[in-house]
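The next block holds one structure in the form of structure tokens; read it before the comments.
The values are calculated or read from the model by the stated rules, or taken from the named source; none is laboratory data. The structure displayed is predicted, hence computed values, not measured ones. Here Cβ is always computed from backbone atoms with ideal geometry, including for glycine, and neighbour counts include all displayed protein chains. These area figures cover heavy atoms from the full protein model, side chains too; ligands, DNA and RNA do not enter into them. Shrake-Rupley method; radii C 1.70, N 1.55, O 1.52, S 1.80 Å.
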Amino acid sequence: MKGIIFDMDGVILDSETISDRTWMEAAKEKNLEVNIELINACRGSNKNDTIEIFKKHFGNNFDGEGFLTRTSELFHQIEENEGIPLMHYAKEILEYLKSRYTLALASSTRGETVERQLRTAGVIDFFETRTTGDMVVHSKPNPEIYLMACKSVGLKPEECYAVEDSLNGIKSAYAAGLKTIMVVDKIQPTEEIRKMCIAVFDSLEGLKSIL
């Protein structure tokens, strides 16, 4: 095994907590019923796929673009005022793994946002490449982003681990052929998801026991 491909939101950065706040606030402003099941269904998906999920939930006429624009505005306000904290043990595990493996990123978030947030958090230099949501047609659970991430560092999927927190992310990495590790953030794994993982941990600290 030569490489580790990390997801960003909910794995490296505690951005999912902020994202949940923005979705609930935007829904309140627009008098929409947004529940945690809908939020969880969209975790790990890029903008295009999220809008498709909205259409199935709210109908084809729903302004998904407008809703996401508002959540983005709210997110930037929180990011500017409060910052985005690193997940527990994120920097320590990256420092531990950097000399042992090639590290890369596969995030459904836009590249510009990924770069800004990782740079602000002080962890951007740990990753050799960053494959982002605006670089693929379909993001997670489609395997495209992980296949592209592996190619970007010159490794085969079977030579890489994936570290994920979302069900969509696990499905994406597994379908691409990576050995998948789940670090639980907002969603507990189902039995189906557990079968796709070589390990499930409550925090990044657990990676040290197997890598």
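Enter the Cα centre distance for the pair the range 166-205 and the range 109-123, rounded to the nearest angstrom.
After rounding, the separation between the Cα centres reads 23 Å.
Heavy-atom accessible area of Arg110 with all protein chains present, probe 1.4 Å, nearest 10 Å²?
120
On the accessible surface of the chain, probed at 1.4 Å, how many percent belong to carbon and sulfur atoms? Walk me through the numbers on the way to the answer.
Numbers: 4690 of 10080 Å².
Percent of accessible area from carbon and sulfur atoms in the chain: 47.
In whole Hz and in residue order, list the ³J(HN,Hα) couplings for the range 60-69 that follow from phi through the Karplus curve 6.51 cos²θ - 1.76 cosθ + 1.60, θ = phi - 60°; x for Gly and Pro.
Each residue of the range 60-69 in turn: 5, 8, 5, 7, x, 4, x, 5, 5, 4 Hz.
Given the protein chains as shown and a 1.4 Å probe, how many square angstrom of Arg116 are accessible, to the nearest 10?
Surface open to solvent at Arg116 totals about 80 Å².
In this model, which of Lys2/Lys56; Lys55/Lys140; Lys28/Lys179; Lys56/Lys151; Lys30/Lys186; Lys28/Lys91 are farther than 28 Å apart at the alpha-carbon?
Lys2/Lys56; Lys28/Lys179; Lys56/Lys151; Lys28/Lys91
Could you work out Rg/(2.2 N^0.38 Å) for the chain, with Rg from alpha carbons only?
0.98
GluC sites (Glu not before Pro), restricted to the range 1-104: which are DSSP loop and have at most 13 other Cβ atoms within 10 Å? Working shown, then result.
Values: sites: Glu16, Glu25, Glu29, Glu33, Glu37, Glu52, Glu65, Glu73, Glu79, Glu80, Glu82, Glu92, Glu95; in loops: Glu33.
Filter output for the range 1-104: Glu33.
Can you work out the PRE-style zone for Glu29? Point 7 Å along Cα to Cβ, and I want the residues of the range 37-66 with backbone N under 12 Å.
In the range 37-66, the label zone of Glu29 (backbone N under 12 Å from the point 7 Å along Cα→Cβ) covers 66.
Quick one: length gained pulling His76 to Val137 fully straight, 0.36 nm per residue minus the C-alpha distance?
Stretched fully, the His76-Val137 segment lengthens by 19.5 nm.
Cα axis of helix 15-29 to longest principal axis of the chain: angle in degrees, 0 to 90, nearest 10?
On a 0 to 90 degree scale, this one is about 10.
Sequence-distant or interchain residues sharing an amide H contact under 5 Å with Leu13, placed H: which?
Hits under the 5 Å cutoff: Met87.
Per residue, how much accessible surface does the chain expose to a 1.4 Å probe? Answer in Å², no decimals. Kindly include the intermediate steps, with their values, before the conclusion.
Working: 10080 Å² over 211 residues.
Heavy-atom SASA per residue in the chain reads 48 Å².
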